[in-house]
Protein chains: 2
Amino acid sequence: MTEPFDLITMGRIGVDLYPLQTGVPLARVETFGKFLGGSATNVAVAAARLGRRTAVISRTGRDPFGDYLHQALREFGVDDRWVTAVDGLPTPVTFCEIFPPDHFPLYFYRRPTAPDLTLRADELDHDALRAARILWVTGTGLCEEPSRTATLAALAARGRRGPTVFDLDWRPLFWGGAGGASGDGGTTGAAAMAAARPHYEAALAHATVAVGNVDEAEVATGLRDPRACAEALLAGGAELAVVKQGPKGVLAVHRDGRTAEVPAFPVDVVNGLGAGDAFGGALCHGLLHGWDLEPMMRYANAAGALVATRLACSPAMPTAAEVDAFLAGR
Amino acid sequence: MTEPFDLITMGRIGVDLYPLQTGVPLARVETFGKFLGGSATNVAVAAARLGRRTAVISRTGRDPFGDYLHQALREFGVDDRWVTAVDGLPTPVTFCEIFPPDHFPLYFYRRPTAPDLTLRADELDHDALRAARILWVTGTGLCEEPSRTATLAALAARGRRGPTVFDLDWRPLFWGGAGGASGDGGTTGAAAMAAARPHYEAALAHATVAVGNVDEAEVATGLRDPRACAEALLAGGAELAVVKQGPKGVLAVHRDGRTAEVPAFPVDVVNGLGAGDAFGGALCHGLLHGWDLEPMMRYANAAGALVATRLACSPAMPTAAEVDAFLAGR
């Protein structure tokens with residue numbers, strides 16, 4: 001077996017098509033840039049940019065966009081050995097509209113389902129999953145079978161040895177059983193959250209770190225108060241709960257009693273998409289360093305803020321030097 | 001009722017995303033331009049650019065790309081009153097790779113089905129269909145219900161009064177019942193053609209003009225020799241059969257015995273996509289003028305050649321002045 005990875009992420013991969021004209025609806029966008037995307041993928045890229053050895057477990061269509069995703073992963077230094085092709089499903093593409101500072105609707109093309117949701121438990125490399133210093137899985141991985149069982153199997157393979165992160169990533173559109181319709185809205189609501197909750201609870205029982213915003217924490221816990229969410233995530237299995245509150249900052253609560261509440265860095269937002277993934281990659285970087293909660297949250301906030309000031313997501317993930325310079329300037 | 005349209009087309013509409021870097025695979029494309037697309041739509045645009053009063057019957061998703069399609073139709077002077085929105089399906093997007101002079105693979109995102117394939121017969125404006133000087137329907141409109149029944153109903157409404165064009169448009173990927181997978185290949189083959197043939201025959205029985213390339217004519221007739229295809233299309237119901245043979249030119253055979261075989265204009269091809277739709281719009285223009293076969297085919301070939309020298313499709317459709325200038329230069 002090769003040297004263990006610092007981080008293995010498991011979840012979405014796809015092509016992001018981002019408008020090169022911002023502040024206008026799609027009807028008025030003339031050109032799009034093409035980028036590697038997908039939340040779990042972006043987290044692996046973010047950690048790789050910080051110098052970590054990372055890999056992604058995901059699937060693509062068997063098509064030229066799938067070829068592109070492999071090429072882009074390699075260019076970012078992310079290992080692609082567990083990114084496999086599926087026949088009969090197109091590689092997902094995602095469009096967005098960019099209305100700074102806080103409105104970035106996404107339009108997913110992941111029908112009839114996404115290749116990454118066809119991941120199967122019997123394809124997993126259990127030795128590699130156990131050996132990785134961190135495993136990162138997402139709530140979206142729970143939205144359909146066989147990905148749900150595969151995600152839970154990957155978590156179970158860890159046996160709570162070493163940081164095992166459950167990104168509460170909540171995309172209600174993906175929970176309709178059709179791989180995700182286009183659009184920003186969807187069925188959503190309390191009913192969708194309640195339907196997803198048992199699966200979130202099952203994943204949480206295997207996780208040592210839970211991270212998400214208040215909406216996402218509500219899916220897992222039924223609660224919306226950040227402190228109550230954090231406590232419920234700890235009660236559900238996590239040792240560390242990280243509740244993101246957008247401009248209000250982030251609350252981190254550890255089972256050992258440590259707590260940190262760190263405000264967000266005010267920045268001129270260009271595109272808020274990807275900031276959460278940058279935060280996630282930096283969080284992993286901090287966990288690997290063994291940093292204390294407050295500096296870790298500050299660092300992760302800084303990485304997120306830097307990406308928010310840039311149009312792209314994956315190519316915008318900052319290096320450690322960029323994060324250090326940003327923090328030094330604050 | 002308003003003044004009749006010169007041309008009503010019925011069929012696909014969607015967003016074309018065309019690489020702004022040509023001669024490279026999608027993996028190496030960095031940016032895409034966004035254009036109004038879909039074969040039936042392009043034909044209406046082509047005729048509108050030639051000064052004709054046109055409308056499209058189609059459907060979009062209820063999303064910002066759908067809004068864009070309406071805006072673009074209006075900008076091209078194509079009436080959008082019969083372009084309606086469907087809930088729960090995204091507006092289709094289509095990517096292509098551009099390898100001049102003759103390889104332009106398409107990658108469709110029309111899953112689980114396309115809004116335009118949900119057109120229903122009971123939505124049709126029979127008076128307008130009868131009153132239109134030309135009706136244009138496509139083979140793709142036959143690939144799924146309820147669009148198949150709607151397409152046949154539109155043809156039947158004409159009762160063979162006035163030019164009623166059946167564009168043999170054959171996209172084998174759309175005939176799997178799943179709205180079209182990604183990719184250039186597909187199941188294709190003789191079996192798919194044989195399965196489609198009865199529906200093509202049913203449409204042909206209502207049509208006065210049949211137009212397509214040899215592959216498309218084979219779907220309708222089972223034959224591949226251009227002359228034999230033309231004769232079979234006439235026997236199947238058409239009064240005029242137009243068989244396109246790419247660089248070899250076009251064969252037009254009328255039931256009254258007139259025949260024209262017109263070579264293609266040699267041009268430096270930038271993007272062959274859309275040339276057939278330009279040909280179609282110009283064919284309608286000629287039919288409305290009552291031109292004889294030879295000048296009509298020359299004119300349509302010229303329109304197609306002009307579009308092939310341009311990157312875009314719908315915005316590249318030539319005006320009458322451009323076609324005249326092109327022909328004068330040959």
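The values are calculated or read from the model by the stated rules, or taken from the named source; none is laboratory data. Not measured: the values here are computed from a predicted model. Cβ placement follows ideal geometry from the backbone for every residue including glycine, while neighbour counts extend to all protein chains displayed. With ligands, DNA and RNA removed, areas are computed over all heavy atoms of the protein, side chains included. Shrake-Rupley method; radii C 1.70, N 1.55, O 1.52, S 1.80 Å.
Some observations on this one:
- Whole-Hz ³J(HN,Hα) from phi, Karplus 6.51 cos²θ - 1.76 cosθ + 1.60, for region A:15-20, glycine and proline x: 9, 8, 10, 10, x, 8
- Within the accessible area of region B:169-303, the carbon and sulfur atoms contribute 53%, probe 1.4 Å, all protein chains present.
- With a simple spin-label model that places each label point 7 Å from the Cα along the Cα-to-Cβ direction, the separation between B:D292 and B:D324 comes to 2.1 nm.
- Excluding ligands, DNA and RNA, the accessible surface per residue across the protein assembly as shown is 34 Å² with a 1.4 Å probe.
- Distance from region B:207-225 to region B:56-135 (C-alpha centre basis), Å: 24 Å
- Tail weight of P(r) past 45 Å, computed on alpha-carbon pairs of the protein assembly as shown, percent: 28 percent
- For the protein assembly as shown, the dipole from Cβ point charges (+1 on Lys and Arg, -1 on Asp and Glu) about the Cα centre works out to 100 debye, to the nearest 20.
- Counting only residues at least eight positions apart within a chain, or on another chain, the lysines with an alpha carbon under 19 Å from that of A:K34 are B:K34.
- Shape of chain A, Cα gyration tensor, a/c cut at 1.5: rounded
- Carbon/sulfur fraction of accessible area - region A:47-142, other protein chains in place, 1.4 Å, %: 46 percent
- A Förster radius of 35 Å combined with the Cβ-Cβ distance from B:E75 to B:F99 puts the calculated FRET efficiency at roughly 0.75.
- Three-way shape label, region B:106-251, alpha-carbon gyration tensor, a/c 1.5: oblate
- Residues of region A:112-139 that bury at least 30 Å² of accessible area when the other protein chains are present, relative to the chain alone (probe 1.4 Å, heavy atoms, ligands and nucleic acids excluded): A:P112.
- Average beta carbon contacts from partner chains per residue of B:62-75, 10 Å cutoff: 3
- Label 7 Å beyond Cα on the Cβ vector: B:T22 copy-to-copy distances, nm: 3.2
- When the surface is traced with a 1.4 Å probe over the full set of protein chains, B:Y18 keeps roughly 10 Å² accessible.
- Extension gain for the segment A:T31 to A:D225, taken as residue separation times 0.36 nm less the Cα-Cα distance, is 65.7 nm to one decimal.
- The candidates B:T221, B:T164, A:T149, arranged from most to least accessible area with a 1.4 Å probe in the full protein assembly, appear as A:T149, B:T221, B:T164.
- Spacing of the modelled spin labels on B:A205 and A:T259, each 7 Å from Cα toward Cβ, amounts to 7.8 nm.
- Label points for B:G162 are taken 7 Å from Cα along Cα→Cβ. From this copy to the others they lie 7.3 nm apart, shortest first.
- Chain B, helix-only ellipticity at 222 nm - DSSP H runs n ≥ 4, -39,500 (n - 2.57), divided by all residues, nearest 500: -10500 deg cm²/dmol
- Pairwise label distance in nanometres, B:T2 with A:D87, each label 7 Å out on the Cα-Cβ vector: 4.9 nm
- Between copies, the label points at B:G176 (set 7 angstrom from Cα along Cα-to-Cβ) are spaced 2.2 nm, reported in nanometres from shortest to longest.
- Inter-chain Cβ neighbour average for residues B:79-90, partner chain, 10 Å: 2
- Averaged over residues, the count of other Cβ atoms within 10 Å places the peptides A:47-55, B:241-249, B:301-309 in the sequence B:301-309, A:47-55, B:241-249, highest first.
- Accessible surface buried once A binds B (1.4 Å probe; total of both sides; Å²): 2400 Å²
- Once all protein chains are placed together, B:L89 keeps about 20 Å² accessible to a 1.4 angstrom probe.
- Rounded to the nearest 20 debye, dipole of region B:194-330 from Cβ charges on Lys, Arg, Asp, Glu: 120 debye
- Tensor-based shape of region B:174-326 (alpha-carbon gyration tensor, a/c under 1.5 rounded, otherwise prolate or oblate): oblate
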